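To keep things clear, I will list the structure first and then write my remarks on it.
Each value in this text was obtained by applying a stated rule to the coordinates, not by laboratory testing. Just so it is clear, the structure is predicted and the values come from calculations on it, not from any experiment. Cβ placement follows ideal geometry from the backbone for every residue including glycine, while neighbour counts extend to all protein chains displayed.
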Amino acid sequence: MQLKLSDARIATYLSFLGYDSLYPPQQLAIDNGLLDHSNIVITTPTASGKTLIAILAAIKALEKNKKVVYITPLRALAYEKYLEFASIDRSGIFTKKIRVRISTGDFNTSKTDLSSSDIIIMTNEKIDSILRQNASWLANVGLFISDEIHLIGDQDRGPVLEMVLTKIKKYYPSSQILGLSATITNAIEIAAWLESKLVESSWRPTKLIEGVYSDGTIYYNNNSQFNIPESGKDTTSMTIDLIMDSLKSNGQNLIFVETRKRAVSLANKASDIVYRILSPEEKKNALKVSKQILEEGDDTDITKNLSRLISFGIGFHHAGLSLTSREIVEEAFKNGIIKSLFATPTLAAGVNLPARRVIITNVTRYDFTYGASVPISILEYKQLCGRAGRPKYDTYGESIIISDSRTSYEELYNHYILGIPEPLLSNLGNTTSIKIHLLGVIASFNGISLDDIYDLFSKTFYSFQDKNSTSLFDKIDFSLDYFIDEDLIRLKNNVYQVTAFGKLVSNLYLNPETAVSFRNIINHIKPRSVKTNNVFGFLHIITSCSDFYPKLSFRKQDIEEFSFLFYNNYDEFFTDVDIMDCSRSLWTLYEWINESTEKSINERVGVEPGDIHRIVEVSQWLAACLFEISKLLDRNDLLPILFSLESRIKHGVKGDLVPLVQIKDIGRARARALHNAGIHFPNDLISISESELASIPKIGLKLAKKLKKRYV
């Protein structure tokens with residue numbers, strides 16, 4: 001579509017990008033007031049240019065010396081968006097420097113000054129935390145962009161996004177709201193709630209063809225059929241047949257499977273077959289990436305297996321991989337080095353990795369709530385198939401569901417291919433979500449009346465959909481009574497005020513119920529009864545609370561080995577604990593703070609690097625919460641232990657290395673090397689010569705100079 005612009009700066013920016021035309025949805029957004037400060041909800045397919053729409057709106061906000069906040073549900077997307085928005089500064093359309101910043105530390109309570117930034121990219125949780133603190137710079141935000149707005153219907157992440165948008169609507173009404181999403185069935189309802197115009201389009205740069213594969217035939221939704229030579233009737237054979245058919249015409253494949261184990265298994269089975277058709281140049285490039293992942297990644301078996309598979313032109317991607325491994329895999333797939341990537345569905349909501357053919361091997365997923373495998377929603381299916389089609393390389397993309405003996409292809413075709421995605425529903429109505437966000441609201445003010453609380457929550461999507469204010473207000477009243485009983489708030493002169501405890505809980509972004517349990521446990525611990533080795537007890541408190549994840553249960557083979565640890569450290573617990581009250585997460589954390597490597601933890605405990613990282617990150621936050629609550633309660637006897645524990649969790653070290661890891665640039669490996677050389681405290685660096693320091697393993701001359709400069 002030819003450019004229809006009278007805006008010189010926008011035209012210059014588009015020229016910088018090399019654009020002489022806009023996609024239809026982009027022009028439609030402009031025609032509906034995108035550049036005139038109108039609130040807009042955009043629902044268009046994947047790769048239809050939604051990010052450029054957001055950037056154009058950002059340019060108009062920056063022209064008015066206003067800030068831009070880009071809200072993303074996933075930290076994995078933040079850097080990708082950072083690079084895209086940084087193009088505004090590179091284009092030179094503004095005389096001043098446009099400063100783009102990422103702020104995604106969800107559990108970081110520090111009031112980092114963001115007032116000097118022009119564009120700030122945040123997660124939903126981070127902006128919610130900033131809103132609770134009433135940061136002064138929020139008043140100068142001209143544009144809030146909410147990416148993946150359909151996640152408002154997500155059971156876990158939805159309530160946070162819903163409250164963020166509700167607060168923006170109420171407290172920053174002069175700011176423009178731009179919501180971005182793939183197709184939403186009830187988009188009219190979302191737009192009406194946000195008092196926004198709705199821009200809907202089914203246009204995409206590559207045509208999407210959907211189909212079901214059964215008994216050697218793909219049944220497409222364009223009324224065509226295509227036969228593929230079969231090597232077998234099982235799902236594995238059918239998956240490989242579809243892969244090889246696509247690779248014949250140089251099409252990449254993205255294969256969604258139900259579990260991590262299945263992703264690795266299928267990748268292994270397809271590797272030899274795919275390798276045979278790679279050209280010498282492709283084999284050379286694959287080997288280069290294979291070596292890279294060994295050099296930059298960890299030394300776990302999962303990484304070694306991934307490295308081997310990449311050398312065959314195959315890869316897998318799931319949450320168990322380390323961040324480094326995931327980034328290398330994503331880049332290799334984007335560059336066409338990995339021809340077929342086996343992934344769990346979490347990838348569909350993450351980075352932009354389009355493929356010629358998307359293959360869905362199974363439409364069921366294990367649901368822990370039900371304790372059984374259940375069919376995925378039509379909405380999730382549409383998210384998966386939206387990855388089909390590479391705009392730079394293909395004129396079309398294919399999404400194919402494999403039909404096995406349990407379900408006929410007609411059933412799958414009628415339900416998923418012809419089905420309409422489920423409408424988005426608010427998940428704010430559960431008691432836990434109400435408590436978390438209600439306390440955050442009260443903590444944001446010096447005092448707030450019940451009417452003002454009711455007014456805010458009446459503006460939520462939950463209230464917009466339910467219309468039954470009595471039910472919502474009953475839940476609020478119940479939560480308020482709970483807060484008063486637990487000394488989180490007080491009622492004074494008909495306004496609710498947060499107590500010091502309640503304010504701390506809100507600033508820590510902690511579930512009030514978790515905070516109350518932490519306080520009660522701390523109060524239960526008798527002064528002077530705590531020993532320096534009460535670590536196991538605190539690890540149990542952390543990994544047992546409702547805010548901790550991922551909670552990994554024991555496998556059958558774990559109990560015997562863990563029981564030795566359990567009984568050997570039993571006197572460290574603060575209450576009577578059964579072994580089944582513990583978890584593999586606790587075991588993982590214990591191994592980590594005793595300097596076990598990721599490889600060792602993976603082999604002994606069966607926990608993969610990505611999960612280790614999440615366990616460590618969440619545990620460090622919860623240890624910090626325990627520290628802050630103990631400080632508030634004047635439990636000075638607990639503070640040294642909890643400070644040490646937080647440091648041990650952060651760095652993965654034993655207690656004797658805690659003083660050394662406080663030094664900048666010193667992690668677990670360097671700290672142990674220094675300790676072995678007789679350096680036990682930072683001040684010990686004063687008495688050692690630069691040359692002696694440089695000769696210590698893992699230190700070297702460059703770092704030795706820096707350390708000596710600090711400690712002279």
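What to note about this one:
- Under conditions of 4 °C and 1.567 mPa s, the chain yields 46 µm² s⁻¹ as its translational diffusion coefficient, taking Rh as the Kirkwood radius over Cα pairs in the Stokes-Einstein equation.
- Given LYS50/LYS334; LYS126/LYS197; LYS60/LYS392; LYS66/LYS126; LYS288/LYS551, the pairs whose alpha carbons are separated by over 31 Å: LYS288/LYS551
- Dipole moment magnitude, nearest 20 debye, the chain about Cα centre, only Lys, Arg, Asp, Glu C-beta charged: 2460 debye
- Karplus-derived 3J(HN,Hα), 6.51/-1.76/1.60, for each residue of region 426-434, Hz, glycine and proline x: 5, 10, 6, x, 6, 4, 4, 4, 4
- Cβ-placed point charges (K, R +1; D, E -1), dipole of region 8-200 about Cα centre in debye, nearest 20: 760 debye
- In order through region 217-232: 3J(HN,Hα) via Karplus (6.51 cos²θ - 1.76 cosθ + 1.60), integer Hz, x for Gly, Pro: 10, 9, 9, 8, 7, 9, 6, 10, 10, 9, 9, 10, x, 8, 9, x
- Ranked by the mean number of other Cβ atoms within 10 Å of their residues, highest first, the peptides 507-515, 437-445, 404-412 come out as 437-445, 507-515, 404-412.
- Computed from label points 7 Å out along Cα-Cβ, the spacing between LYS291 and THR575 is 5.6 nm.
- Amide hydrogen proximity for GLY397: with H placed 1.01 Å from N in the peptide plane, the residues at 5 or more positions away or on another chain lying under 5 Å are LYS207, LEU208, ILE209.
- Cα shape, region 189-340, gyration tensor, a/c 1.5 rule: oblate
- Karplus-derived 3J(HN,Hα), 6.51/-1.76/1.60, for each residue of region 464-475, Hz, glycine and proline x: 4, 7, 7, 6, 9, 5, 4, 4, 5, 5, 4, 5
- Cα pair distances in region 436-509, grouped into 10 Å bins until the bin that holds the longest one, percent each: 20, 53, 25, 2
- Potential lengthening between GLU80 and LEU701 on full extension [0.36 nm per residue; Cα-Cα distance subtracted]: 220.0 nm
- If the chain linking TYR171 and ILE420 were pulled fully straight, counting 0.36 nm for each residue of separation and taking away their Cα-Cα distance, it would gain 86.1 nm.
- For the peptides 213-221, 79-87, the ranking by mean Cβ contacts within 10 Å, running from highest to lowest, is 213-221, 79-87.
- Amide H contacts of ILE121 (H built 1.01 Å from N, under 5 Å, at least 5 apart or other chain): TYR70, ARG101, ILE102, SER103
- Region 8-200: C-alpha gyration tensor shape, a/c 1.5 cut-off, then a/b vs b/c: oblate
- Reported to the nearest whole Å, the Cα centre-to-centre distance from region 207-278 to region 484-514 is 55.
- Calculated [θ] (222 nm, deg cm²/dmol) that DSSP helices of n ≥ 4 give over the chain, each run adding -39,500 (n - 2.57): -14000 deg cm²/dmol
- For the chain, the antiparallel share of DSSP beta bridges with both residues in that region comes to about 25%.
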